[in-house]
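The values are calculated or read from the model by the stated rules, or taken from the named source; none is laboratory data. The model shown is predicted, which means the values in this text are computed figures rather than measured ones. Quick reminder, even Gly has a Cβ in these numbers, built from the backbone with ideal geometry, and neighbours come from all protein chains shown.
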């Protein structure tokens, strides 16, 4: 798919971050939008921003529709797909972008937290793919873009739930792409692997209490430190993703951190884990020292 003018794109997680940036970038190219997110207020804001970014064409306004939903809800996703086709008459692009984060040890992880992250990060992608695929095939020209992560290539301690879902999305999408190639049906698929993107996923993610004193000193410190690795803007990520769709890439890496992590996992497929453990220990010691200094300063002020 070389251009997006007069195409129809469905985007999950469109209320913020990469989803919002994708919506605005596509709107600039004259692509009609069906947007979904759990947060109806943020979703409405994205729709307004996308409408403002759209080219002003007399007699052919950009059509933007929204639907507040939870991507882990299979029935809601299938209803949204049918609604999208009813409102736009077709659909050409699906961006299964919605995602959440969870930090926890495996031993201490609650099943409810694991079910939550699998529901959003993996089942949301599955539902979006299965709900829209027949409509994409019917359009004659379609593309599915599923958001995995650098952590779908490169594992981290304390992120087993997130790693599991993102590795699953990668495998699911690579298998999907192969099947679509065999079908020669006019539909393709791309697995997207962002590194640290400047979105709200760290602050909105869940951190289990079992991480405190093990790898981090406090929940907020853990979120803030994780956010320091977010080096790529959401707008740049959207640009790279859309370029990957134009080139029909099987895999899209976003950010120098994603490229470095992919390279390291290829060169040292087992040994990279030792390096990760060493770096994590070093960061945990730094966080502990900062916490001690903060507590000492607080004690001094009270005195």
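Table for the structure above
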item	result
Test: residue in the range 68-90 that is more than 18 Å from the chain's Cα centre (by Cα), in a loop (DSSP other than H, G, I, E, B) and over 30 Å from residue 159 (Cα atoms)	yes
Filtered residues of the range 145-154 (kept if at pLDDT 95 or above and either surrounded by fewer than 18 Cβ atoms within 10 Å (Cβ to Cβ) or over 19 Å from residue 116 (Cα atoms) (or both))	145, 150, 153
Of the criteria (1) farther than 30 Å from residue 214 by Cα; (2) in contact with a strand residue (DSSP E or B) (Cβ under 8 Å, 6 or more places away or on another chain); (3) surrounded by 14 or more Cβ atoms within 10 Å (Cβ to Cβ), which one residue 242 fails	(2)
Matching residues in the range 239-270 - criterion: being without any contact (Cβ under 8 Å) to a residue 24 or more places away in the chain and outside any helix (DSSP H, G or I)	247, 268, 269, 270
Residue count, the range 49-67 (criterion: farther than 30 Å from residue 116 by Cβ and in a helix (DSSP H, G or I))	3
Filter pass, residue 36 being under 27 Å from residue 200 (Cα atoms) and part of a strand (DSSP E or B)	yes
Pick from the range 201-220, criterion within 24 Å of the chain's Cα centre (by Cα) and assigned to a helix (DSSP H, G or I), ranking: nearest to residue 109 (Cα to Cα)	211
Complete set of residues in the range 124-141 that are buried (at least 21 other Cβ atoms within 10 Å of the Cβ) and touching a residue at least 60 places away in the same chain (Cβ under 8 Å)	124, 128, 132
The range 221-234, subset surrounded by 15 or more Cβ atoms within 10 Å (Cβ to Cβ) and either in a helix (DSSP H, G or I) or without any contact (Cβ under 8 Å) to a residue 24 or more places away in the chain (or both), residue farthest from the chain's Cα centre (by Cα)	221
Qualifying residue in the range 182-196 (condition: at pLDDT below 85, under 24 Å from residue 121 (Cα atoms) and either crowded, with 23+ Cβ neighbours inside 10 Å or in contact with a strand residue (DSSP E or B) (Cβ under 9 Å, 6 or more places away or on another chain) (or both))	no
Residues of the range 212-233 satisfying the condition of being in contact with a strand residue (DSSP E or B) (Cβ under 6 Å, 6 or more places away or on another chain) and modelled with pLDDT of 85 or more	232
Any hit, the range 91-101, residues being more than 30 Å from residue 212 (Cβ to Cβ) and more than 17 Å from the chain's Cα centre (by Cα)	yes
